[in-house]
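Peer 1: Could you have a look at this structure, given as structure tokens, before my questions?
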Amino acid sequence: MKVLIIDDEKPIVKMYEEYLKTADIDVVSAFDGETGIGLAKAHQPDVILLDIIMPKLNGLDVLSKIKADPDIKNIPVFLLTNLPEECSGDKAEELGAAGYLVKAENEPKMVVDVIKKAIKENPN
Amino acid sequence: MDTKLSAPIPKKLFRYEKLVEVTTWIIVILIIFGVRFLPQKLIDNGQVYYLIGGIAAFALLYYLLVYKYFSRTNRLYLKSIADIVLIGVLIHLLKDNGQYFFALYFLPIAAAALSLEFINALLIATIASLFVIFEVFLGSMDLLPRNNLSVYQGALQIGMILLITVFCRFMAVQLREEKRARDEALAKQKALEEESKKEKEFMSLTSHQLYTPLSIIRGFSAMLYEKKLGELNPKQQEAMIEIHDSTKRMVALVSELLSISRIETGAFRLEKKVTDIKKILENITNQINKTKENKTVGISLDCPEELAKISIDADKIRQVVYNLVDNALKYGKGKQIKIACKQDDLETTISVTDVGVGIPKEDFEKLFQPFFRGKTILELDNKGTGLGLYIARLIIEKHGGRIWAESIIGKGSTFNFSLPNK
């Protein structure tokens, strides 16, 4: 199981990295969208966790780039953000996100559950 | 002079104005040239040249000077008077046949009435009427070649002039009014959209700023608490539990404050759909009964067999019911909780009853205010935010419904809300 985290907030990335490792999930992380897309192609993770508010390329732009790339478009992408769902939920769904998780409202344990469930449902 | 004229002019009115204006000129030109081909020589050559020269000079002056330096109102005013003078001269030159062309007067009058304020339009009409009186008078005195215009005909024509003025004025006012109402509605909608957009931007920024550090604290505290980062000694573990609980409370508080702000500022919209409310209640009951800690309490549902579907925002109503059940679980002393519903012709009422500590009567009103914490509630639990019932009230009121409490101290409480069926 391998997860790619794309988030500019370093402590958040560190926290999820640590947590996912304890749940036996390999983690690759990127602090910006461009690097994230590159890593997604190179590592072919099972799930991508994507932040929305990031400098340069925002999460929704990254999502539409991922969905437009045949190499990586089938990887389920979860938006893991601190924006309320009302702000970007509809847009994310339209762009083909697998889910929308608000970081502060979901404990890391729940995030792990969501990841495991997604991998189970999408075994490629 | 007239502020109303500075308001945007409806396109329709512009079209009418232009139509009348162009028609006037075409008819005048047709007459001037047309009469030349009649067997009778109605206007002699010299007069035709004067007329054409006059029109050309006026047109030149108008577009070079008047059009450039005069305000729209004054321009229209000048043009209307010039039109009337021109038509008067033409009718006069046409001698006996002039009476057949009298209707030409109506055109500049109509144009003036469409474009000018009532008082100015009336002035133009008066000038035209004076022309008629002048002609009747001079004709009767044999000072002008007779137009065969009797006093009776003159009066009829003046009557027509006034009627046209009033009618066109009325039409112009109507058109302007329509346009103004449309513009206002559009501007209002735009302002609302702008407001809602700004509000949303503010909300997303605020929640992002507040949530980001909180999510970091919450994540690391969860890791420490779950011993993912190694064993803690008992004292550290105790401290960790407090930190973890407080963070959860803080997140709940921020989330509720954000919800309230969204509702109060209007950035929050209901997405109403015709919904089977019974199904929602059944789902909630099953869900809560499934969780381990509630198994001992047990929630019963009492709903009539037939319950008509109603138009609501299902997610928001679910949130309200969860909130009421959550309170009942907290303050219900671990005893049975009952959800009931009933429906009449107008509304559907849902109630959540516990057999808990109860609420003093004087607190009933304040229960649904933000940050209100009842005394008995504070004794039982001090971890709530005091916002849940306020949010419930806002959601129910947004639906056009009402929410209220009934309680007897020591026996329990019932929280009810009703929603309009349509």
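Peer 1: Per residue of B:214-225, count partner chain C-beta atoms within 10 Å of its C-beta, then hand back the mean as an integer.
Peer 2: Average per residue, whole number: 6.
Peer 1: How big is the antiparallel share of DSSP beta bridges in the protein assembly as shown, given as a percent to the nearest 5?
Peer 2: Roughly 55 percent of the beta bridges in the protein assembly as shown run antiparallel, per DSSP.
Peer 1: As a test of the formula, what do you get for the protein assembly as shown when each DSSP H run with n ≥ 4 contributes -39,500 (n - 2.57) and the sum is divided by the residue count, at 222 nm and rounded to the nearest 500 deg cm²/dmol?
Peer 2: Theoretical 222 nm ellipticity from helices: -19500 deg cm²/dmol.
Peer 1: Using 0.36 nm per residue of separation minus the Cα-Cα distance, give me the extension gain between B:PHE202 and B:LEU156 in nm, one decimal.
Peer 2: 9.7 nm
Peer 1: At 7 Å along the Cα-to-beta-carbon direction for both B:ASP276 and A:ALA68, put a label point, then send me their distance in nm to one decimal.
Peer 2: Between B:ASP276 and A:ALA68, the simple spin-label model gives 4.3 nm.
Peer 1: Separate question: So, R0 is 35 Å and r is the distance between the beta-carbons of B:PHE14 and B:MET141; what FRET efficiency does that work out to, to 0.05?
Peer 2: Result of the calculation: an efficiency of 0.20.
Peer 1: If you place +1 on the Cβ of every Lys and Arg, -1 on the Cβ of every Asp and Glu, and leave all else neutral, what size is the dipole of the protein assembly as shown about its Cα centre, to the nearest 20 Debye?
Peer 2: The dipole of the protein assembly as shown has a size of about 840 debye.
Peer 1: What nm value, rounded to one decimal, do you get for the distance between B:LYS361 and B:ASN74 when each label is placed 7 Å out toward the C-beta?
Peer 2: 7.7
Peer 1: What nm distance separates the two modelled labels at B:ALA57 and B:ILE26, each placed 7 Å from Cα along Cα→Cβ?
Peer 2: Placing both labels 7 Å along Cα→Cβ, they lie 2.9 nm apart.
Peer 1: Could you tell me which trypsin sites (Lys or Arg not before Pro) in region B:161-242 are loop residues by DSSP with no more than 12 other beta carbons within 10 angstrom of their beta carbon?
Peer 2: B:LYS227
Peer 1: At 0.36 nm per residue, and after removing the present C-alpha to C-alpha distance, how many nm does the segment from B:LEU65 to B:SER300 gain when stretched out fully?
Peer 2: Difference between extended and current length: 75.9 nm.
Peer 1: Then there is this: Would you mind checking A:LYS73/B:LYS248; B:LYS279/B:LYS411; B:LYS228/B:LYS330; B:LYS12/B:LYS422; B:LYS338/B:LYS366; B:LYS227/B:LYS278 for any pair whose Cα atoms are more than 32 angstrom apart?
Peer 2: A:LYS73/B:LYS248; B:LYS12/B:LYS422; B:LYS227/B:LYS278
Any read-out appearing in this document is the output of simple, stated calculations on the displayed coordinates, not a laboratory observation. Keep in mind the model is a prediction, meaning the values are calculated, not measured. Every residue, glycine among them, receives a Cβ derived from its backbone with ideal geometry; neighbour counts consider all protein chains shown.
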